[in-house]
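K.L.:
A single structure is presented below for examination.
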Amino acid sequence: MVCHYLVKGRVQGVGFRWFVHREASAIGLHGWVRNTDDGEVEVVAAGEAEDLAELKEALRKGSRGSRVDAVVEHELVESEGEGLGPFQIEGAW
């Protein structure tokens, strides 16, 4: 299963991407997390349905210092998950 999440709220500049990376890696998901230009955080994750549900719960809670107002979820077609490697942060130096 492959899902795309858009996390809205105070989620940039508060370590949110690192938090998502740690959670998703611990669960064993593949995919990536990155900031968007409009202040949100975008996540694409591939794995078992119950593992994705666990990630979504973590996204809702957020990291210390963040404020999550909404998590918008879209299920993607399975082929979107092909080529996704170990979970990574995009755009972090």
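Each reported figure results from applying straightforward, stated rules to the coordinates on display, with no laboratory input. The structure presented is a predicted model; accordingly, all values stated were derived computationally and were not measured. No Cβ is skipped: glycine too gets one built from the backbone with ideal geometry, and neighbour counts run over all protein chains shown.
K.L.:
Give the number of residues within the stretch 1-44 that are under 21 Å from G81 (Cα atoms) and not hydrophobic (A, V, I, L, M, F, W, C).
P.N.:
14
K.L.:
Based on what the data block shows, is V20 in contact with a Leu (Cβ under 8 Å, 6 or more places away or on another chain) and outside any strand (DSSP E or B)?
P.N.:
So V20 fits the description; yes.
K.L.:
Could you tell me whether any residue of the stretch 17-31 is farther than 14 Å from E73 by Cβ, among the charged types (D, E, K, R) and more than 11 Å from the chain's Cα centre (by Cα)?
P.N.:
No; the residues of the stretch 17-31 include none that is farther than 14 Å from E73 by Cβ, among the charged types (D, E, K, R) and more than 11 Å from the chain's Cα centre (by Cα).
K.L.:
Search the stretch 51-75 for residues being closer than 19 Å to H21 by Cβ and among the acidic types (D, E), and hand back the single one that is surrounded by the fewest Cβ atoms within 10 Å (Cβ to Cβ).
P.N.:
E57
K.L.:
Right, another one. Scanning the stretch 23-42 for residues that are part of a helix (DSSP H, G or I) and in contact with a helix residue (DSSP H, G or I) (Cβ under 9 Å, 6 or more places away or on another chain), which turns out surrounded by the most Cβ atoms within 10 Å (Cβ to Cβ)?
P.N.:
That would be A24.
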